[in-house]
Amino acid sequence: MTSSITLRRPDDMHLHLRDGAMLKAVLPETARHFARAIIMPNLVPPVVTARDATAYRDRIMAALPKGMAFEPLMTLYLTEATDPKDVAAAHASGLVKAVKLYPAGATTNSQSGVKDFDKVRAVLETMAEIGLPLCVHGEVTDPDIDIFDREAVFIDRVLDPIRRRTPGLRVIMEHVTTKDGVAYIGETEKNLAGTITTHHLIINRNHILAGGIRPHYYCLPVAKRETHRLALRKAATGGDARYFLGTDSAPHPDHLKEHACGCAGCFTATNTMALLAHVFEEEGALARLEAFTSLNGAAFYGLPPNEGTLTLTKSGAAAEWPAKITGPAGPVTVFDPGFPVYWHVND
Ligand code: DOR
Ligand code: ZN
């Protein structure tokens, strides 16, 4: 039995850090284990221009506790008014590592996202030319489409047409939640990768809805039925270099999660690495954990792997983490997998 595993220090290729006091509260939770993260730009107002991204990066670095090392990999929020020249300059300076596409209305703070995909054609063409990846929230927003089908329909109606029209564009299909997403990535030879969250490897829709509604398991894209979760497990742990970790760790204060219209997001920054060791061990794939958390994502983004390491140890005692962390607007619940975890990160 493996009881210890040492990985290159991991990267979280999809993270919500928010801003202000919430940023201060959640940043150490990620920086404790991760060397870098792709930082989502869905602030209010969103991070649209290179100037916004520079200012946000500076706020992140100012919020980092002394003695901690962390590199934020900045993204820009794509709007119908995004200027291709600004994007190209932000890329050339090394500031920005990706542009994020939110279909308008798909999720938290996506109101400024894209409604008419033709309007962002010139930006996408520029990105293909300069090799800047597009991170995609892959859900249609059409109210006629059932929420559990929104990812599969997005692939057919939006993602595949964009990729056919701009074949040189490097695309990350983020937080893949369906076997349809896995199949689409599987049949694609290049320029497409997928991130998978920790929580989608652990919960299915029963966890949210059966035996009482559990708002802390509600996120977008929403967890699907068990067959999809199993497909995601296979994709994440199967050694396919097109998949890598993007936690989508997304803090919301408890009172807004436990609400008549609760916010979407699971906060997993605190315990993600221990949970992933558990999942990969269950799948007999501990030896592939490092590729998923520390190598595949860096390679897709053209970054060197991190120099440092992270060691996890398995012991007879269940790992403990706080049930909640303290945020500026009250507590933020840490994702509860619902089973004991015996892997511990050696801090
Ligand atoms: O569950 C989610 N929460 N999904 C998203 O796409 C956004 C995120 C957030 O910002 O809270
Ligand atoms: Zn997200």
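Just a few scattered comments:
- Filtered by the rule that a residue be within 21 Å of ALA299 (Cα to Cα) and touching a residue at least 40 places away in the same chain (Cβ under 8 Å), region 71-87 gives PRO72, LEU73, THR75.
- Filtering region 217-231 to residues that are more than 16 Å from ligand 2 (Cβ to nearest atom) and buried (at least 18 other Cβ atoms within 10 Å of the Cβ) leaves LYS224, HIS228, ARG229, ALA231.
- Residues of region 105-140 that turn out to be at pLDDT 95 or above, under 21 Å from ILE39 (Cβ atoms), away from ligand 2 (no atom under 14 Å from the Cβ) and part of a loop (DSSP other than H, G, I, E, B), as a count: 3
- Residue that is out of contact with any helix residue (DSSP H, G or I) (no Cβ under 7 Å at 6 or more places or on another chain) and either part of a helix (DSSP H, G or I) or more than 16 Å from PHE267 (Cα to Cα) (or both), where the choices are THR82, THR54: THR54
- Subset of region 1-23 (residues that are touching a residue at least 60 places away in the same chain (Cβ under 8 Å) and either open to solvent by less than 10 Å² (accessible area, probe 1.4 Å) or among the charged types (D, E, K, R) (or both)): LEU7, ARG8, ARG9, PRO10, ASP11, ASP12, MET13, HIS14, LEU15, ARG18
- Among (1) of a type in the set (A, V, I, L, M, F, W, C); (2) in a helix (DSSP H, G or I); (3) in contact (Cβ under 8 Å) with a residue 40 or more places away in the chain - the single one ILE155 does not satisfy: (3)
- Among (1) among the charged types (D, E, K, R); (2) more than 16 Å from ligand 1 (Cβ to nearest atom); (3) in contact with a strand residue (DSSP E or B) (Cβ under 9 Å, 6 or more places away or on another chain) - the single one LYS66 does not satisfy: (3)
The values are calculated or read from the model by the stated rules, or taken from the named source; none is laboratory data. Predicted, not measured: the structure shown is a model, and the values here were computed from it. As a convention, Cβ positions derive from the backbone with ideal geometry for all residues, glycine included, and neighbour counts pool all protein chains shown. Areas reflect the complete protein model, heavy atoms only, side chains present, ligands, DNA and RNA absent. Shrake-Rupley method; radii C 1.70, N 1.55, O 1.52, S 1.80 Å.
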